[in-house]
Amino acid sequence: MFGPKTSSASEELQVIAPSKLSIENVSKRFRTGTGDVLALDHINLQVGEGAFVCLVGPSGCGKTTLLNIIAGLEKPDSGRVLADGKRVTGPGRDRLVMFQESALFPWLDVFGNVLFPLKLKPQLTNKDRRDVARYYLELVGLTRFERANIHELSGGMKQRVALARALAPNPRVLLMDEPFAALDALTREQLYGDLQRIWKERKKTIVFVTHNVREAACLGDRVLLFSPNPGRIQDEFEIDLARPRDINSVDLASYSSRIMRSLKGFNAEPAEVPL
Amino acid sequence: MRRFVSAAIFVIAMICLWHWIARLTNKPMLFPLPWQVWEYLKSAAEDGTLCQATLVTMRRLVVGYIFGIVVGLPLGLLTARWRVLQDTLGVLALGLQTLPSVCWVPLALVWFGQTEAAMLFVVVMGTLWSVIIATETGVRNVPPIYRRAALTMGSRRLHIWFKVILPAALPFIVSGMKQGWAFAWRSLMAAEIFVSILTGFGLGQLLQFGRDQSAMEQVVGIMVVIVVIGLLADKIFFSPVERFLHRRWGTS
């Protein structure tokens, strides 16, 4: 903190080698009014550097819980998560989360929100921080809305700001918890394109939770299918399609129908398992 | 401008109505005419008593109010943070907030005598509890996702409290401060009417002197001054803050 200020905006914007996640034997149990739910049952998962992994499954299958455990916001009952070989013991700037609701701070304007995580990096000067924030606002196409208040933005714009805020501290892992679920189809499609472009440009490792099979097939290199109660990885698919992918393409549809078949295999009725 | 004009017309109409009713009753000793009140205010302003009294009252109010906030805000935060404090101090604050702060006046007199400290005590009792409760409520209503988001961005403990939870609770805190101001103002007036403090005569005391001398134009004149000060405080201090909050949060 008291060292010389060697870092500059250009250095801050440099691409860092993405990290690797290793999830080893992670289990998590929740006590509810109706009894115990085994949200995660000995989950093992390796996420390669720069991979885009989607976790799909019906609600209550524990995919969000797993994401929170990787983020360090929740602790597993057993097992461990390694990020870059180091055990995860709590939340950290190397693994930023994008939530379903944007979780933007209404007391700050758009620029202030993107600046927030940068202010927590003591090695940056204020000018660096502003430059970095501007860079990411441009990346998500919101330069014009720098001074807008959060409530003035549409749902899609809010998620763009949330994405810029998550990217700003240059995390190596981006954890996304159904970030587009509340958006309309058109906005979502735009964001699929943007996210793929940004992922490629900024070389992040992304773990993306969704219940939308098509979305998973569109975005992920790998799609992991979760089954609920106990939460397990039921199936895995490699999506071998060129990028950028279009959510409406025929090839993608064949992938998503394969995933859908597998999903229906263990989930005959549309399950709303209480958690 | 249009709003100003309509407000001005309203005030003039009220004065005319007042004048008319006062004329009808024709008992200037009991129901003074507007110009009598104006004459009193003018003479009191000229000989300095009004200005002096206003200063004395405002000093008591502002000092007590600031003290109440400086103590109440941290107590509210602590109450929201620890369950033990919520069950003890929180309940106490809730109970004492329902107590009209005039009820503190007799006790303040016994404890502090006819001193400034007694006045201050009453004002602080008027402010403190609503600030504590508003801060606690505000903090409890902060959506947990803000805290979680801040945690992932590397914010911890004190940083979270000052940069996330406190600003997120601001709308509640401001309305608590506004309520505290209203309570402080009421309790101070009651205390000043009840008690003569030799170290300074406030507006409440001027009002009471008016009654003692059966000078109703003085009583009404001081009432007008009190109303005007209340309005000014709202327009100058609270309104801009509330406007800012509405603009930022998008509530209105």
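The values are calculated or read from the model by the stated rules, or taken from the named source; none is laboratory data. All of these numbers come straight from a predicted model, not from anything done at the bench. All Cβ positions, glycine included, derive from the backbone under ideal geometry; neighbour counts span all protein chains shown.
Region B:101-153 holds no helices (runs of 4 or more DSSP H) entirely within its bounds that carry 3 or more residues that are charged (D, E, K, R), away from every other protein chain (no Cβ under 14 Å) and crowded, with 24+ Cβ neighbours inside 10 Å. If you go through region A:68-90 and keep only what is within 14 Å of chain B (Cβ to nearest Cβ), touching a strand residue (DSSP E or B) at 6+ places or on another chain (Cβ under 8 Å), part of a loop (DSSP other than H, G, I, E, B) and of a type outside the set (Gly, Ala, Ser), you end up with A:LEU73, A:GLU74, A:VAL88. Any residue that is surrounded by fewer than 17 Cβ atoms within 10 Å (Cβ to Cβ), aliphatic (A, V, I, L, M), farther than 20 Å from A:LEU96 by Cβ and without any contact (Cβ under 8 Å) to a residue 12 or more places away in the chain - is there at least one of those in region A:143-150? The answer is no; no qualifying residue exists. Within the bounds of region B:58-69, is there any residue that is in contact with a helix residue (DSSP H, G or I) (Cβ under 7 Å, 6 or more places away or on another chain), over 30 Å from B:PHE201 (Cα atoms) and at pLDDT 90 or above? Within region B:58-69 (the criterion being in contact with a helix residue (DSSP H, G or I) (Cβ under 7 Å, 6 or more places away or on another chain), over 30 Å from B:PHE201 (Cα atoms) and at pLDDT 90 or above), the answer is no, since none of the residues qualifies. Select from region B:154-169 the residues that are surrounded by fewer than 20 Cβ atoms within 10 Å (Cβ to Cβ) and within 10 Å of chain A (Cβ to nearest Cβ) and write down the one among them that is farthest from the chain's Cα centre (by Cα). In this case the residue turns out to be B:GLY154. Reported count of residues in region A:254-272, each being surrounded by fewer than 14 Cβ atoms within 10 Å (Cβ to Cβ), under 24 Å from the mean Cα position of the chain (by Cα) and either at pLDDT 85 or above or β-branched (Val, Ile, Thr) (or both), is 1. One residue is enough: does region A:150-164 have a residue meeting the conditions within 14 Å of another protein chain (Cβ to nearest Cβ), of a type in the set (A, V, I, L, M) and in contact with a Pro (Cβ under 6 Å, 6 or more places away or on another chain)? Yes - at least one qualifying residue is present in region A:150-164. Against the conditions (1) within 14 Å of chain A (Cβ to nearest Cβ); (2) without any contact (Cβ under 8 Å) to a residue 40 or more places away in the chain; (3) out of contact with any Gly (no Cβ under 6 Å at 6 or more places or on another chain); (4) among the aliphatic types (A, V, I, L, M), B:LEU207 satisfies every one except (1). When region A:157-190 is filtered for residues that are surrounded by fewer than 18 Cβ atoms within 10 Å (Cβ to Cβ) and in a helix (DSSP H, G or I), the ones remaining, listed by number, are A:ALA185, A:LEU186, A:THR187, A:GLU189, A:GLN190. Restricting attention to region A:107-136 and to residues that are touching a Phe, Trp or Tyr at 6+ places or on another chain (Cβ under 7 Å) and either surrounded by fewer than 21 Cβ atoms within 10 Å (Cβ to Cβ) or more than 18 Å from B:LEU170 (Cβ to Cβ) (or both), the residue that is nearest to the other protein chains (Cβ to nearest Cβ) turns out to be A:LEU108.
Among the residues of region B:69-89, are any of a type in the set (S, T, N, Q) and more than 30 Å from A:LYS75 (Cα to Cα)? Scanning region B:69-89, I find at least one residue that is of a type in the set (S, T, N, Q) and more than 30 Å from A:LYS75 (Cα to Cα), so the answer is yes.
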